[in-house]
Each structure stands twice: as structure tokens, then as C-alpha cells.
Amino acid sequence: MNAMFKYFSIVFLVLSACNSKKTEPEAAIVLPLETEKIVALGRVEPEVKITQVGSEVSGVIDKIFVASGDSVAKGDVLLEINHDYEDAKLIQSKSKLATQQAEIRNVQAQLSALKVKSDNLQVRFERLKKIADSGAETQQSVDNAKADYDQSLRDLDRYAQQVLVAENRIAEISAEINVAQADIERRKIKAPANGVVLTMDLSEGASVNPSSKVLDFAPHSAASTVLCEVDELFVNKLKLGQKAIIRTQGMDNTLAQGEVIYLSPYLKKKSLFSDDSGNMEDRRVREVRVRLEGNPMLLINSRVEAVIALK
């Protein structure tokens with residue numbers, strides 16, 4: 001009886017142990033999602049970078065010749081900084097030049113007169129010398145004639161030196177005039193290339209200095225581009241030559257097509273639209289530039305989406 005009890009006890013324990021085991025579910029296998037395209041925010045820019053035009057000098061704006069959106073040619077004057085003082089210096093230098101030129105003409109006239117006088121004294125000296133050789137003239141007369149001729153030669157040399165000094169002074173004054181004209185030109189802010197004035201927020205009477213921006217300028221270029229930023233999660237999928245479609249932000253329309261021509265060699269913080277509240281500062285991005293096909297009429301600095309095809 002005891003043996004039978006022990007047998008059924010063992011069987012009961014074994015069955016209970018088997019029933020107490022729970023079936024463990026198999027671990028789920030998560031396959032990576034293959035991304036076929038990347039959508040990135042971007043900004044329309046000319047292929048040649050937008051230039052911030054500044055001033056070489058400090059001063060007050062006297063005249064403004066252009067407004068935002070105006071097309072200009074290289075060398076066109078965009079605005080002028082007051083140059084009354086430089087104008088006065090230029091007038092003064094030109095006056096000095098005129099005075100010096102008159103002085104040169106005066107010295108040259110005296111030099112010409114001395115040359116005629118010297119030639120006459122030379123003829124007189126040589127004639128008296130011949131007469132003295134024949135005994136018809138005293139040696140004293142010959143010596144006096146020679147002294148007069150020698151003095152005329154010294155006078156000629158002195159006046160020739162005066163002309164040389166005056167001509168050198170002319171060169172100095174001419175250099176002063178060139179400097180004054182250059183100072184005036186430095187106060188004329190000119191277009192660095194053919195292009196479009198993007199911003200002109202200043203007005204006549206405003207002050208500028210070399211450390212401040214005067215205006216934004218977009219040079220004309222054969223193509224437009226879109227500079228966009230791609231999140232660091234997708235940067236390894238980017239390659240040069242990938243095709244892209246440009247569309248209005250949040251829309252499905254196609255504004256332009258192009259291809260990737262530049263990939264930044266490093267990651268950086270978001271900067272294009274850093275004022276967006278949705279931007280997370282702890283995420284980094286890679287700059288990508290897409291060159292657009294044809295010549296789409298897209299507004300510079302407008303915000304768009306670049307849909308980059310990865311396959």
C-alpha cells in the first residue's frame with residue numbers, strides 16, 4: 001500500500017511539473033525598412049553664392065541708385081557715400097597742378113631766353129678770340145667775353161635743374177590727384193558682377209562702416225540650386241548624381257528637377273531653418289546641394305522640399 005502511494009505521488013509531481021511550464025513566444029524578427037527616397041527642406045540659391053556687399057570706408061550714404069529686385073551690370077554704382085571732403089582735396093590738388101604747370105612754363109620760357117643769350121655770347125667770344133689772335137683785340141676783352149659765356153652756361157644748367165624739379169613736383173601732384181580720385185571711387189559701392197540686388201534696406205542719410213553689410217547681391221548664374229539639409233540618419237545613403245524633385249513644401253507638385261552635385265564632408269547643426277520650433281538641436285545634418293535642370297523661375301531664398309531618389 002505504501003509502495004503504491006509513493007508511485008502515484010511521483011507520477012502526480014511529474015505531471016504537475018509538466019503542466020507548470022509556460023510556452024515562451026518566439027522573438028519577432030524586425031527587418032530594416034528600405035527607404036527609396038529622402039525628403040529634405042531646402043532653400044533656393046543661385047549656383048554662385050549670394051554675396052553680402054559691404055563698404056570699404058565709413059561714412060553717410062548720400063545717394064542710392066537701386067532698389068531691391070533691380071538687375072544691374074558689373075561696375076554699376078549702387079550707392080554713394082558722401083565724399084565732399086575728398087572732392088575738396090581733389091579740387092585743391094588740381095589747382096596745385098595748374099599752378100605748377102604755369103611755373104614750369106615760366107621757367108622753360110626763361111630757359112629758352114637764356115639759351116638764345118648763351119648762343120650769342122658764344123658767338124661773341126669766338127669772334128673776339130679770332131680778332132685777338134690777329135692782334136686787333138686785347139686779351140682782356142676775350143677773357144671778359146669768355147666769362148660772360150661761361151656764366152650763361154651755368155645759368156642754363158641752373159634753370160634746367162629748376163625745370164626738372166618742377167616736373168618732379170608735377171608727378172607728385174598728379175599722384176595726389178590719383179589718390180583723391182581713388183578715395184572718391186571707394187565711396188561708390190558698385191555691383192561686383194552682373195546680378196540682382198536682393199536687399200536694399202538702407203536709406204539716404206544712414207551711416208555705414210566697413211564691418212557692416214550694405215546689401216545682399218545675387219550674381220547671375222547659368223543654373224539655380226537648392227541647398228538642403230538631410231538628417232544624420234540618412235546621410236550614408238546619399239551619393240553624387242542622385243536625382244531629385246523640387247516641390248512646394250508640404251505639396252505634391254513638381255517645381256523643378258535636378259541632381260545632387262555636392263555633399264558636405266561633415267555633419268553640422270541645423271542652420272538653414274534654425275528658427276523653426278520643430279528643429280531639434282541634438283540632431284545633426286548633412287548639407288546637400290541639388291543643381292536644377294533648365295532655368296526654372298524659382299524665387300531666390302524661397303523654402304522648398306527636395307525629394308531625393310536613393311535608387
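Across the range 135-162, the qualifying residues are those that are acidic (Asp, Glu) and closer than 23 Å to Gln110 by Cα, and the one among them that is nearest to the chain's Cα centre (by Cα) is Asp157. For the range 224-272, the set of residues classified as touching a Pro at 6+ places or on another chain (Cβ under 8 Å) and at pLDDT below 90 consists of Ser224 only.
Return yes or no: is Glu86 within 30 Å of Arg169 (Cβ to Cβ), at pLDDT 90 or above, in contact with a helix residue (DSSP H, G or I) (Cβ under 7 Å, 6 or more places away or on another chain) and acidic (Asp, Glu)? Criteria met by Glu86. Residues that are within 25 Å of Val163 (Cβ to Cβ) and without any contact (Cβ under 8 Å) to a residue 24 or more places away in the chain within the range 113-146 comprise Ala113, Val116, Asp119, Asn120, Val123, listed in sequence order. Considering Ala175, Ala160, Ala145, Ala182, the condition of being surrounded by 16 or more Cβ atoms within 10 Å (Cβ to Cβ), of a type in the set (A, V, I, L, M) and either outside the structural domain of Ser71 (by TED's automatic domain parsing) or out of contact with any helix residue (DSSP H, G or I) (no Cβ under 6 Å at 6 or more places or on another chain) (or both) is satisfied by Ala145 alone.
So which residues in the range 34-87 are assigned to a strand (DSSP E or B) and among the acidic types (Asp, Glu), if there are any at all? Outline the logic, then answer.
Step one: list which residues in the range 34-87 are assigned to a strand (DSSP E or B), which gives 37-46, 51-54, 59-64, 71-72, 77-81.
If the condition is that a residue be assigned to a strand (DSSP E or B) and among the acidic types (Asp, Glu), then Glu45, Asp62, Glu80 are the ones that fit.
Criterion applied to Asp231, Asp252 was being of a type in the set (Asp, Glu) and surrounded by 15 or more Cβ atoms within 10 Å (Cβ to Cβ), and the one residue passing it is Asp231. Somewhere in the range 224-234, is a residue in contact with a strand residue (DSSP E or B) (Cβ under 8 Å, 6 or more places away or on another chain), outside the structural domain of Val66 (by TED's automatic domain parsing), of a type outside the set (Gly, Ala, Ser) and part of a loop (DSSP other than H, G, I, E, B)? Within the range 224-234 (the criterion being in contact with a strand residue (DSSP E or B) (Cβ under 8 Å, 6 or more places away or on another chain), outside the structural domain of Val66 (by TED's automatic domain parsing), of a type outside the set (Gly, Ala, Ser) and part of a loop (DSSP other than H, G, I, E, B)), the answer is yes, since at least one residue qualifies. Evaluated against (1) more than 22 Å from Leu299 (Cα to Cα); (2) under 24 Å from the mean Cα position of the chain (by Cα); (3) polar (S, T, N, Q), Thr199 falls short on exactly one condition, (1).
The values are calculated or read from the model by the stated rules, or taken from the named source; none is laboratory data. As the structure is a computational prediction, the values presented were derived from the model and not from experiment. Backbone-built Cβ (ideal geometry, glycine too); neighbour counts: all protein chains shown.
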